[in-house]
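The values are calculated or read from the model by the stated rules, or taken from the named source; none is laboratory data. The model shown is predicted, which means the values in this text are computed figures rather than measured ones. Methodologically, a virtual Cβ is constructed for each residue, glycine included, from the backbone with ideal geometry; neighbour enumeration extends over all protein chains shown.
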Amino acid sequence: MESDIIIQLHKNFEDYAHQIDGEEFWFARDLQGLLGYAKWENFAKVIEKAKTSCQTAGHAVADHFPDVRKMVDIGSGAEREIEDIALTRYACYLIAQNGDPRKVEIAFAQTYFAVQTRRIELIEKRLSEQERLTARQKLTISEKELSGLIFERIGDNSGFARIRSKGDAALFGGKTTQQMKDRLAVPDNRALADFLPMITIKAKDFATEITNFTIKRDNLRHEAEMTSEHVRNNLEVRKVMTERSIKPEELPPAEDIKKLERRVKSEGKLLAKQTGKRKK
């Protein structure tokens with residue numbers, strides 16, 4: 001495909017994109033022409049195949065192919081209302097995949113929307129990874145506060161480890177911290193939380209925050225009552241999770257948080273370099 005054709009096709013697709021609340025979409029009637037289909041009837045058949053692909057992939061068709069009505073100019077200042085479809089980027093990708101590959105426009109669209117869709121997937125993945133890093137940092141802060149409160153009240157450096165261990169057993173359905181580390185293949189010198197999925201990290205953090213709050217509010221001073229409070233909070237959090245069919249002890253391990261942190265930092269530096277080169 002010649003470069004000038006690619007440039008023109010790219011411009012065409014960009015020019016016909018619309019946005020609502022930051023979400024891009026294309027009207028099916030516009031996409032029909034962009035993809036080289038002269039008759040709506042033929043293009044509608046491709047759309048139906050794309051809808052089937054969408055449903056098969058487990059996505060809601062209505063989210064990606066919502067029916068709309070819009071006014072079009074029919075000459076002499078007159079307008080009439082026609083039926084149309086607002087297509088998401090993913091919907092356009094599926095249409096391109098189900099289109100006639102002999103058409104130059106289809107061949108281009110398959111790559112164009114695949115790249116765009118992949119870009120969004122990468123962004124969503126990066127946001128999810130960053131959220132897990134933030135959750136782990138937050139848990140570290142709440143556990144440091146709990147450790148300080150326990151030492152302040154009982155003066156025992158190992159008190160926090162004992163109380164946290166009892167809390168873990170409550171959260172993980174009776175499994176101890178060591179049993180969970182064994183199950184998830186966590187190295188002996190590493191914290192269990194470094195290998196937990198984000199939802200479990202947040203669950204531990206929530207239970208710990210409640211314990212910190214009640215220790216200060218109720219001025220708890222003895223290890224037994226602080227242990228009882230922490231166990232109760234973890235049991236309550238576990239109850240919420242299990243009522244939604246989430247058993248923390250059965251969830252698979254997540255990527256080592258330290259490896260994730262190094263990778264995110266490395267990718268960030270690479271992106272900064274690439275951005276800097278483009279600006280020059």
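Taken over region 184-231, residues that are crowded, with 16+ Cβ neighbours inside 10 Å, of a type in the set (D, E, K, R) and without any contact (Cβ under 8 Å) to a residue 24 or more places away in the chain amount to 1.
Within region 84-97, residues that are not assigned by TED's automatic domain parsing to the domain that holds C54 have Cβ atoms under 9 Å from residues that are in a strand (DSSP E or B) in no pair, counting only partners at least 6 apart in sequence or on another chain. Counting only helices (runs of 4 or more DSSP H) that fall entirely inside region 26-115 and contain at least 3 residues that are in contact with a Lys or Arg (Cβ under 9 Å, 6 or more places away or on another chain) and over 22 Å from Q8 (Cβ atoms), the qualifying elements are 89-98. Go through F160, F108 for me and flag whichever is surrounded by 13 or more Cβ atoms within 10 Å (Cβ to Cβ), without any contact (Cβ under 8 Å) to a residue 24 or more places away in the chain, at negative phi and more than 28 Å from the chain's Cα centre (by Cα). The match here is F160.
How many residues are in a loop (DSSP other than H, G, I, E, B) and under 17 Å from I154 (Cα atoms) when one looks only at region 221-245?
Step one: list which residues in region 221-245 are in a loop (DSSP other than H, G, I, E, B), which gives 221-222, 243-245.
Subsequent filtering for residues that are under 17 Å from I154 (Cα atoms) retains 221-222.
Total satisfying the criteria: 2.
Let's see how each residue does on (1) among the basic types (K, R); (2) without any contact (Cβ under 8 Å) to a residue 12 or more places away in the chain; (3) surrounded by 10 or more Cβ atoms within 10 Å (Cβ to Cβ); (4) farther than 12 Å from A96 by Cα:
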residue	(1), (2), (3), (4)
D15	no, yes, no, yes
Q19	no, yes, no, yes
E24	no, no, yes, yes
G36	no, no, yes, no
T52	no, yes, yes, yes
Q55	no, yes, yes, yes
H59	no, no, yes, yes
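Of the helices (runs of 4 or more DSSP H) contained entirely in region 139-220, those carrying at least 2 residues that are of a type in the set (S, T, Y) and either farther than 24 Å from S245 by Cα or not assigned by TED's automatic domain parsing to the domain that holds P252 (or both) fall at 198-217.
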